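The next block holds one structure in the form of C-alpha cells; read it before the comments.
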Amino acid sequence: MNDQESISLREAIQKRHTLKVLADPDAPWPQPANSLRDKVNDLLKMATNAPYHKPADKVHFNDPLNSPVPWRFHVVDAAACRELSERLADVDVPTGKIRNMLAAADALVMSNWLPNPADQDLEFQQFLPTLQNMEHIAAGSAAIQNLLLLATEAGWNNYWSSGGVLRSEMVFQWMGIPLNQILLGAIFLFPSATGDADVKPGSLRDRKGDTSQWSRWVELS
Ligand SMILES: Cc1cc2nc3c(=O)[nH]c(=O)nc-3n(C[C@H](O)[C@H](O)[C@H](O)COP(=O)(O)O)c2cc1C
C-alpha cells in the first residue's frame, strides 16, 4: 500500500480494476506492519457509508457483531492469510489460485450478507429468493464497492472473488464466522508493488460495452 495523496471519487472509480496477484505459496510475501490494521479499519468505517433498506433479521443480533446493517466484514490479516494457506495445503480440497493470493495479500476481507431465516431447511449458504434478501445483498454490495474504491484510493491492488474454498463451512469455522451468514465477496487487498509476481486482470473487464448497450432514457408510451 502507498501513502499517497487522495484522489477524487471520479479518479477512484476509473482507476478501480480487478487485479489478482499470485505469489508462490511456498514463498509467501513479507507481512506488512501492524499499523496496517488502522488503515484497514479506516477503510471499513468509511465503507459502511452505504445505503441499506431493511435491518437484518434479529437472528443475526445474537453475536458480538450485532449492527442492524445487513452486511458483516471479517478481516483476515496477512499473518492469518499465510496460516490459512498452510492449513488449506493440509486438507484434501481444491483450492484453485486461492493459496497463491493468500500468499501475497496484505489482508482478506470476508464480506458477508445476512439472509433472513427461511421457514424450511436449506443447505449451507442457501437462501430464499425474497425481495428483502435481494435488498440485503444489494446493500452489502454497495458497502463492498465502497471498500474497493477506498482500497484503490489507498493504493491497494484489489480483487472481489466469489471465494471458492473460502465459502466452505470448514473455513467459516476456522474464522469464527457464524454459519448463518453468506459470503458475498472475498475481497483481497494486495500491495501496490507486485514485483515479478504473476498478475491477472478481470476477464470481463473489456467486455462491458458502451453506455448505450446497458442504459437508455425512457420514453413513455
Ligand atoms: C460478485 C462478484 C464475484 C466475482 N467473483 C470472481 C471470481 O470468483 N473470479 C474472478 O476471476 N473474478 C471474479 N470477479 C471479478 C470479475 O471478474 C471482474 O469484476 C470483471 O472481470 C470486470 O473486471 P474489473 O473488475 O477490472 O472491472 C467477481 C466480481 C463480482 C462483482
Separation between the Ser67 and Trp214 pseudo-spin-labels, each 7 Å from Cα along Cα→Cβ, expressed in nm?
2.7 nm
Quick check for you: with a 1.4 Å probe and neighbouring chains kept, what is the accessible area per residue of the chain, in Å²?
58 Å²
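Using a 1.4 angstrom probe on heavy atoms only, work out the carbon and sulfur share of the accessible area of the stretch 81-150 in %. Don't skip to the answer; put the middle values down first.
Working: 1610 of 3180 Å².
That share works out to 51 percent.
Expected output is a single nm value to one decimal: the length gained when fully extending between His17 and Val59, i.e. 0.36 nm times separation in residues minus the C-alpha distance. What is it? Spell out each step's value before the answer.
Numbers: separation 42, 0.36 × 42 = 15.12 nm, distance 3.55 nm.
Taking His17 through Val59 to full extension adds about 11.6 nm, to one decimal.
Just need the relative contact order of the stretch 9-205 here, percent rounded to a whole number, with Cα pairs under 8 Å and 6+ apart.
Contact order relative to length: 34 percent.
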222 nm [θ] for the chain, helices only, -39500 (n - 2.57) per DSSP H run of 4+, per residue, to 500?
-9500 deg cm²/dmol
Using the structure shown, select from Lys97/Lys200; Lys20/Lys208; Lys15/Lys208; Lys97/Lys208; Lys45/Lys97 the pairs with a Cα to Cα distance greater than 21 angstrom.
Lys97/Lys208; Lys45/Lys97
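For the pair Thr95 and Arg10, what calculated FRET efficiency results from E = 1/(1 + (r/R0)^6), where r is the Cβ-Cβ distance and R0 = 30 Å, to the nearest 0.05? List each step's numbers first, then the result.
Working: r = 37 Å, r/R0 = 1.25.
The pair Arg10/Thr95 has a calculated efficiency of 0.20.
For the stretch 176-221, what mean projected area does the convex hull of the alpha carbons give, in nm²? Don't skip to the end; give the middle numbers.
Working: hull surface 32.3 nm².
Approximately 8.1 nm², given one-decimal rounding.
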Chymotrypsin sites (Phe, Trp or Tyr not before Pro) within the stretch 35-126: DSSP coil, no more than 15 neighbouring Cβ in 10 Å:
Phe124
With a Förster distance of 25 angstrom and the Cβ-Cβ distance between Ala79 and Asp24, calculated FRET efficiency to the nearest 0.05 equals 0.90
Would you mind checking the radius of gyration and Dmax of the chain based on alpha-carbon positions, in Å?
18.3, 63
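The values are calculated or read from the model by the stated rules, or taken from the named source; none is laboratory data. This is a predicted model, so every value here is computed, not measured. Cβ coordinates were reconstructed from backbone atoms using ideal geometry, including for glycine residues, and neighbour counts include every protein chain displayed. What goes into the accessible areas is simple: the full protein's heavy atoms, side chains included, and nothing from ligands, DNA or RNA. Shrake-Rupley method; radii C 1.70, N 1.55, O 1.52, S 1.80 Å.
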